[in-house]
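S.K.: Can you read through this structure? Questions will come right after.
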Ligand code: SF4
């Protein structure tokens, strides 16, 4: 067994020297692009003979364990007193506040590089310099120290010795994984139809370092058919981690179950499930500051012990497991789960940990991405989610409130907020409805930088109260806006958005395919799969697919005779809804009357649902109605009423929490009706998407309205047949279902339809 481990100088030093608290007021707002630009500015000033980004490596051996320490120092400078290792740090802090002891981790990092270089060149002593650059003023402050090789050697030896016990644990768990994979067999007695094909395609995709788009219908067992081959592929050279990404919490549980099945067959690896911060937070309010939260206070002093404990004693690090160890060690459960992603083999979480430029896991370095495979479940959802993730806004009203709130307490902050407010007022002009901003003139970046800097200073100086909480919210909004502003190109539009009298400037991502493909290509392999990647070309296009990607479309394992499909050509258009609501209720009742059982009816909006419900009440039927903002418990209560042999009618909203990811098998569901074709209302944003794709030679109307709408219809209809023995009826109510544009989008396995009048 290979007992070699590689670690970067940065990770090593941060493991050993991290200490203190989590404090979300102290997070640097330096963006990646900005940070790189600041580094480059300093490096440009280097003189002849100086070098930048110098790769350094040293190997240590301790009792049969080899540790390869790697890294790149920012600069290797030549001076009259010999070489200087330069480390550049951008900072939002005032340079006067910094002294030479401000950042022990940075010093340790620079000394790590200095040791490697001094040892390699056999130098008796070497100089180490920290160069701080103030982000706003671009002023610099430097600290220079000289170290003897002897001092550096004993420093690094101490670091390595301290790290070794953790390294042994990491190697131990890696060995457990490597031993358990070769003999791991498929955790079920046999493959279902289509499963073997999907599993084979996933394995081959990872083996060949390519990407796969797979449409695999409900019932095939997609989770195990993708996770099992991906786990087996961890035996391949350079394949270390799996990210299983989902849109919904429920599918995360399915992934955990699949790993448990494999665990029962002998697989030993560490998986961690990431839960959204506000859900897993132990406090009533998520204020991540040491004076408010005991789990933030001293987090970094206790985290190493917590990591060792959980990694040595658990394999499936689900939410309850993380919570229990977080309580035991008094560490924040959210930050703890993020720290666990460094060591876990499988990470289960929302799309945003990889795809959202505002929250993605920055700790995943390029080299690690090359050893990581993404499994993107229900990936049809990623199109709209990516649009949201790559969009950002600035609300006029919030900046006005800030400028007024802080006028006497912090004039600089008030002025910085006021400057943005005035820019927004200027941009809005006389407009009374949303408009496209052709050219976002002005110095938005500078104004935002100024505001962020002042906000950061203020937040650092005050304990939490309502006023600073509001400031923190706007601070994050401004930070997100700035991040997205850096990315704006022809795939975006800037919108002056006016809704309910409020004005926002919005950076709107029209086409996320470009950013998705840029993100995806950094990884070894990606597998996009869903039951409804339909139309296939549209989804492959929108998810950033390339010509040479693998594609797979598996037939349904179910028989079309299991579904009685009817189309009722009734108008559900907005202007006819009042007129046709009574007839519609009658059509729904006829479906119920025809066969006793449980039914789910889906409507395009709450308002429309209520309108039809008022008419439906005249019939004798038990009805459960979806309410707005139902939490997980109420969602479960709603679904638990669908019992085998029951006679319940559920009224729900298309595209809502009951139209996807709901699994009511057998007689828990006997029929589904979908009212309308799922079209989103006409809006400026949808129209911009339409025009954009039309110009690109696609059918803009289909891309903006028809395909996303029909996906919701297919998802809702897909609730009905969940196993080989399920039977039932699907009623599609809208005359447009009978036009070729829509009939061609109906899935083959729904079979032929009858028309009811
Ligand atoms: S427990 Fe909650 S408030 Fe405390 S640090 Fe974690 S997320 Fe923040």
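The values are calculated or read from the model by the stated rules, or taken from the named source; none is laboratory data. The shown structure was predicted, so the numbers you read here are calculated from the model rather than taken from an experiment. Virtual Cβ from ideal backbone geometry, glycine too; neighbours counted across all protein chains shown.
S.K.: Checking residue 258 against (1) in a loop (DSSP other than H, G, I, E, B); (2) at pLDDT 95 or above, which single condition isn't satisfied?
M.R.: Among (1) in a loop (DSSP other than H, G, I, E, B); (2) at pLDDT 95 or above, the lone unmet condition for residue 258 is (1).
S.K.: Turning to a different aspect of this structure: For residues that are modelled with pLDDT under 95, surrounded by 13 or more Cβ atoms within 10 Å (Cβ to Cβ) and not in a helix (DSSP H, G or I), tally how many sit in the range 625-643.
M.R.: Residues flagged as modelled with pLDDT under 95, surrounded by 13 or more Cβ atoms within 10 Å (Cβ to Cβ) and not in a helix (DSSP H, G or I) within the range 625-643 amount to 1.
S.K.: Any residue that is in contact (Cβ under 8 Å) with a residue 12 or more places away in the chain and under 19 Å from residue 12 (Cα atoms) - is there at least one of those in the range 132-149?
M.R.: no
S.K.: Conditions first: (1) more than 30 Å from residue 595 (Cβ to Cβ); (2) at pLDDT 95 or above. Residue 713 passes all but one, so which condition is the exception?
M.R.: Going through (1) more than 30 Å from residue 595 (Cβ to Cβ); (2) at pLDDT 95 or above one by one, residue 713 breaks only (1).
S.K.: Determine whether the range 503-520 contains at least one residue that is in contact with a strand residue (DSSP E or B) (Cβ under 6 Å, 6 or more places away or on another chain), over 30 Å from residue 432 (Cα atoms) and surrounded by 21 or more Cβ atoms within 10 Å (Cβ to Cβ).
M.R.: Looking for residues that are in contact with a strand residue (DSSP E or B) (Cβ under 6 Å, 6 or more places away or on another chain), over 30 Å from residue 432 (Cα atoms) and surrounded by 21 or more Cβ atoms within 10 Å (Cβ to Cβ), one finds at least one in the range 503-520, hence yes.
S.K.: From 622, 610, grab the single residue that is surrounded by fewer than 14 Cβ atoms within 10 Å (Cβ to Cβ) and without any contact (Cβ under 8 Å) to a residue 24 or more places away in the chain. Talk me through it step by step, then tell me what you get.
M.R.: Working: 622 fails: without any contact (Cβ under 8 Å) to a residue 24 or more places away in the chain.
Every option except 610 fails the conditions.
S.K.: Still on this structure, I have one more. Quick check, is residue 439 assigned by TED's automatic domain parsing to the domain that holds residue 541 and free of Cβ contacts under 8 Å to residues at least 40 places away in the same chain? Walk me through it before giving the result.
M.R.: Details: assigned by TED's automatic domain parsing to the domain that holds residue 541: no; free of Cβ contacts under 8 Å to residues at least 40 places away in the same chain: yes.
For residue 439, the condition - assigned by TED's automatic domain parsing to the domain that holds residue 541 and free of Cβ contacts under 8 Å to residues at least 40 places away in the same chain - is not met.
For (1) surrounded by fewer than 21 Cβ atoms within 10 Å (Cβ to Cβ); (2) modelled with pLDDT of 95 or more; (3) over 23 Å from the mean Cα position of the chain (by Cα), each residue gets a yes or a no:
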residue: 528; (1), (2), (3): no, yes, no
residue: 531; (1), (2), (3): no, no, no
residue: 545; (1), (2), (3): no, yes, no
residue: 548; (1), (2), (3): yes, no, yes
residue: 552; (1), (2), (3): yes, yes, yes
residue: 563; (1), (2), (3): no, no, yes
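S.K.: Would you call residue 284 within 16 Å of the ligand (Cβ to nearest atom), surrounded by fewer than 16 Cβ atoms within 10 Å (Cβ to Cβ) and not in a loop (DSSP other than H, G, I, E, B)?
M.R.: no
S.K.: Right, another one. Among the residues of the range 261-278, how many are part of a helix (DSSP H, G or I), within 16 Å of the ligand (Cβ to nearest atom) and in contact (Cβ under 8 Å) with a residue 24 or more places away in the chain? So that I can check it myself, show each step before the final result.
M.R.: So in the range 261-278, the residues part of a helix (DSSP H, G or I) come out as 261-264, 277-278.
From what's left, within 16 Å of the ligand (Cβ to nearest atom): 277-278.
Keeping just the survivors that are in contact (Cβ under 8 Å) with a residue 24 or more places away in the chain gives 277.
Here the count works out to 1.
S.K.: In addition: At least 3 residues that are under 19 Å from residue 161 (Cα atoms) and in contact with a strand residue (DSSP E or B) (Cβ under 7 Å, 6 or more places away or on another chain) in each: list the strands (runs of 3 or more DSSP E) lying fully within the range 46-136 that qualify.
M.R.: Working: elements: 51-62, 65-79, 82-91, 125-134.
It comes to 51-62, 65-79.
S.K.: A further question on this structure: Has the range 56-77 got any residue that is modelled with pLDDT of 90 or more and more than 38 Å from the chain's Cα centre (by Cα)?
M.R.: The answer is yes, given that some residue of the range 56-77 is modelled with pLDDT of 90 or more and more than 38 Å from the chain's Cα centre (by Cα).
S.K.: Is it true that residue 224 is within 16 Å of the ligand (Cβ to nearest atom), touching a helix residue (DSSP H, G or I) at 6+ places or on another chain (Cβ under 7 Å) and not in a loop (DSSP other than H, G, I, E, B)?
M.R.: Working: within 16 Å of the ligand (Cβ to nearest atom): no; touching a helix residue (DSSP H, G or I) at 6+ places or on another chain (Cβ under 7 Å): yes; not in a loop (DSSP other than H, G, I, E, B): yes.
Against the criterion (within 16 Å of the ligand (Cβ to nearest atom), touching a helix residue (DSSP H, G or I) at 6+ places or on another chain (Cβ under 7 Å) and not in a loop (DSSP other than H, G, I, E, B)), residue 224 does not qualify.
S.K.: OK, next. Is it true that residue 575 is modelled with pLDDT under 95 and part of a loop (DSSP other than H, G, I, E, B)?
M.R.: Values: modelled with pLDDT under 95: yes; part of a loop (DSSP other than H, G, I, E, B): no.
Considered against the rule, which asks whether it is modelled with pLDDT under 95 and part of a loop (DSSP other than H, G, I, E, B), residue 575 comes out as no.
S.K.: Have a look at 376, 425 and point out the one that is at negative phi, touching a strand residue (DSSP E or B) at 6+ places or on another chain (Cβ under 9 Å) and not assigned by TED's automatic domain parsing to the domain that holds residue 242. It would help to see each step written out before you state the result.
M.R.: Working: 376 fails: not assigned by TED's automatic domain parsing to the domain that holds residue 242.
None of the other options fit; the residue is 425.
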